[in-house]
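Undergrad: Submitted below is the structure of interest, expressed as structure tokens.
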Amino acid sequence: MRWFSALERRLDGNPEQKSAYSEFINEYYRLNHMREIDDDEPSPNFKTYYLPHHGVEKVDSTTTKLRVVFDASCETDSGISLNQALMVGPVVQDDLLAIILRFRMHRFVLVADIEKMYRQIRIHYSDYPLQRIIWRNSSSQPLKTFELTTVTYGTASAPYLATKCLQQLSKDGSKDFPLAATVLAKDFYVDDMLTGIDDEQTGELLCVQLLELLQSAGFSLRKWSSNSSVLLGKIPTELRDERTTLALDSNSTPIKTLGLQWHPINDQFSYFVPEWSKELTITRRIVLSDTARLYDPLGLIGPIVVIANIFIQSLWRKSKNWDDQLDVTQQQYWKDFRHSLNDLALIDIPRWVSSSSPTVTEIHGFCEASEKAYGACIFLRTVSSDGNIFVSLIAAKSKVAPLGDSKKQRRLSLPRLELSSAMLLSHLYHKVNISTSLNVKALFWTDSMITLH
């Protein structure tokens, strides 16, 4: 248990962190999510596994700043970890992009998450010994052994077990709670809910059904946010996101959901400027790390991200090692690029892509290519009854042009890249279409005659 001695020394050196760590573990015990056992207590299946654990701090969390994570990938003396022995299970929920795309289609939207979702699901008694931990609140106390009795974050099977429970609850509640059951089946990404409706009356009924259906299985939906004060009024105050409550007269406090920054008051997405590496010397590893911080699942800032990817490709062509210092010109280029990203904070993008009671709704897809990159984007165009035209970008995708022959460093021809952009557009449209079920007229545009023919 050498790792536990190191953990205690680290916590003893940081009293504030130790207090938060102890509170997290003690809460596990208070809520009956783990039980204390005797070391010599026999295992029902004669197999035991001790989970190492450590703390992870999340500064921007509005609930738990420090969480204890259990490491089921730690190998035993046999060379096998618990995760290697577990069956992972398939993905049973829609992917992130599909859920966000649907989130943009509704006039009124709701965001919430399930409190301690994994820990509301009990595992079988015979599996308790496979989730043993050791803990003590003070080094002056004897070590105690506990068994975690619920689905545990860090085990390979946990995501499947938890999401499958939601899917099963959706089936079980489809008769009594039809609206909530549909949302549970389609609009949850693990424990995060992003859903919406097009009229507030239906939305009020949906809120009630969601609370009742999830509560019937011991799940509590919390941190509710909405762009509608009417819908939010249906939610008990203690279950609302405190940032929404504090910002009723302001649009300065965003709600972070699935990595996106959303402002419920003005119903817009915004982007934050990442924290860059403080290393004075810029290497290819740092450039790649910086680029990975530009999170953009919908491709709405694709023209910015593709510039970074083109630069990474140029470094790759010069065969620099990961930690080799870039030359002076390259370092200055990247520093200037970082500085220019400060303007990201000025970008606001409407969340809702449609308009009220449109008489005409169309999808327009565009594709284009250059010698360095190619891309595609999809717009939704609506015409209202009074003749106003509203056009909004739904999603976009871009790729850096392949290098081609590695020996001759010869790039692909422009006609081939134009064809690639058209293929990219068709794939993007397919994704948008199956995710949103928008059965509307679609038109696709390119200026490449070869592609058209």
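The values are calculated or read from the model by the stated rules, or taken from the named source; none is laboratory data. Predicted model only: the values in this text are computed from it and were never measured. In this analysis, Cβ positions are derived from the backbone assuming ideal geometry, glycine residues included, and neighbour counts consider all displayed protein chains. To get the accessible areas, we keep the full protein, side chains included, count just its heavy atoms, and leave off ligands, DNA and RNA. Shrake-Rupley method; radii C 1.70, N 1.55, O 1.52, S 1.80 Å.
Undergrad: So, in the stretch 188-221, of the ones that are under 21 Å from ILE99 (Cα atoms) and among the β-branched types (Val, Ile, Thr), which residue ends up least open to solvent (accessible area, probe 1.4 Å)?
TA: Per the criteria, the residue is THR195.
Undergrad: Consider only pairs whose beta carbons are under 8 Å apart and that are at least six residues apart or on different chains; among these, list those whose first residue lies in the stretch 302-316 and is farther than 18 Å from ILE347 by Cα and whose second residue is of a type in the set (Phe, Trp, Tyr) and open to solvent by less than 40 Å² (accessible area, probe 1.4 Å).
TA: ALA308/PHE337; PHE311/TRP334; PHE311/PHE337
Undergrad: State all residues of the stretch 20-41 that are open to solvent by 70 Å² or more (accessible area, probe 1.4 Å) and in contact with a helix residue (DSSP H, G or I) (Cβ under 9 Å, 6 or more places away or on another chain); if no residue qualifies, say none.
TA: LEU31, GLU36
Undergrad: Condition first: small (Gly, Ala, Ser), modelled with pLDDT of 95 or more and within 22 Å of the chain's Cα centre (by Cα). Can you find one or more residues in the stretch 100-123 that meet it?
TA: Scanning the stretch 100-123, I find at least one residue that is small (Gly, Ala, Ser), modelled with pLDDT of 95 or more and within 22 Å of the chain's Cα centre (by Cα), so the answer is yes.
Undergrad: Identify all residues within the stretch 391-414 that are modelled with pLDDT of 95 or more and over 20 Å from ASN309 (Cβ atoms); write none if there are none.
TA: Across the stretch 391-414, the qualifying residues are VAL391, SER392, ILE394.
Undergrad: Could you list, ordered by first residue, the pairs with Cβ atoms under 9 Å in which the first is in the stretch 422-433 and touching a residue at least 40 places away in the same chain (Cβ under 8 Å) and surrounded by 14 or more Cβ atoms within 10 Å (Cβ to Cβ) and the second is among the β-branched types (Val, Ile, Thr) and in a helix (DSSP H, G or I), at least 6 apart or interchain?
TA: Matching pairs, first to second residue: ALA422/THR451.
Undergrad: Starting from residues that are in a helix (DSSP H, G or I) and open to solvent by 30 Å² or more (accessible area, probe 1.4 Å), keep the ones in the stretch 314-333 and report whichever is modelled with the lowest pLDDT.
TA: Top of the filtered list is ARG317.
Undergrad: Here is a further query. SER354 fails exactly one of the following numbered conditions: (1) open to solvent by less than 30 Å² (accessible area, probe 1.4 Å); (2) polar (S, T, N, Q); (3) on the phi > 0 side of the Ramachandran plot. What is the number of that condition?
TA: (3) is the only condition that SER354 fails.
Undergrad: Report those helices (runs of 4 or more DSSP H) wholly inside the stretch 226-305 carrying at least 1 residues which are at pLDDT below 85 and in contact with a strand residue (DSSP E or B) (Cβ under 9 Å, 6 or more places away or on another chain).
TA: 242-246
Undergrad: In this structure, is ILE347 farther than 23 Å from PRO264 by Cα and either at pLDDT below 95 or buried (at least 16 other Cβ atoms within 10 Å of the Cβ) (or both)?
TA: no
Undergrad: Kindly provide the set of residues from the stretch 101-133 that are of a type outside the set (A, V, I, L, M), outside any helix (DSSP H, G or I) and out of contact with any strand residue (DSSP E or B) (no Cβ under 8 Å at 6 or more places or on another chain), ordered by number.
TA: Within the stretch 101-133, LYS116, HIS124 meet the criteria.
Undergrad: Something else now. For a quick check of your reading of the model, give me the residue pairs whose first member lies in the stretch 160-183 and is closer than 12 Å to GLU212 by Cβ, whose second is open to solvent by 20 Å² or more (accessible area, probe 1.4 Å) and of a type in the set (Asp, Glu), with beta-carbon atoms closer than 8 Å and at least 6 apart or on different chains.
TA: Filtered contacts from the stretch 160-183: PHE177/GLU212; ALA180/GLU212.
Undergrad: Which residues, taken from the stretch 134-148, are hydroxyl-bearing (Ser, Thr, Tyr) and in contact with a strand residue (DSSP E or B) (Cβ under 6 Å, 6 or more places away or on another chain)?
TA: THR145
Undergrad: Another question, then. Restricting to the stretch 98-115, name every residue that is surrounded by fewer than 20 Cβ atoms within 10 Å (Cβ to Cβ) and farther than 17 Å from GLN268 by Cα.
TA: ALA98, GLU115 - these are the residues of the stretch 98-115 that are surrounded by fewer than 20 Cβ atoms within 10 Å (Cβ to Cβ) and farther than 17 Å from GLN268 by Cα.
Undergrad: Spot the failing condition for VAL360; the list is (1) under 28 Å from LEU101 (Cβ atoms); (2) crowded, with 16+ Cβ neighbours inside 10 Å, and only one is missed.
TA: (2)
Undergrad: Now, a different point. When the residues of the stretch 359-379 are filtered to those that are of a type outside the set (Ser, Thr, Tyr) and out of contact with any Phe, Trp or Tyr (no Cβ under 8 Å at 6 or more places or on another chain), which remaining residue is farthest from SER426 (Cα to Cα)?
TA: By that ranking, first place goes to VAL360.
Undergrad: Continuing with the same structure: Can you pull out the residues in the stretch 125-143 that are open to solvent by 30 Å² or more (accessible area, probe 1.4 Å) and more than 16 Å from PRO42 (Cα to Cα)?
TA: ARG136, ASN137, SER138, SER139, SER140, GLN141, PRO142, LEU143
Undergrad: How about the stretch 154-224: which helices (runs of 4 or more DSSP H) wholly inside it have at least 3 residues that are closer than 21 Å to ASP127 by Cβ and either modelled with pLDDT of 95 or more or aliphatic (A, V, I, L, M) (or both)?
TA: Passing ranges, in order: 158-172.
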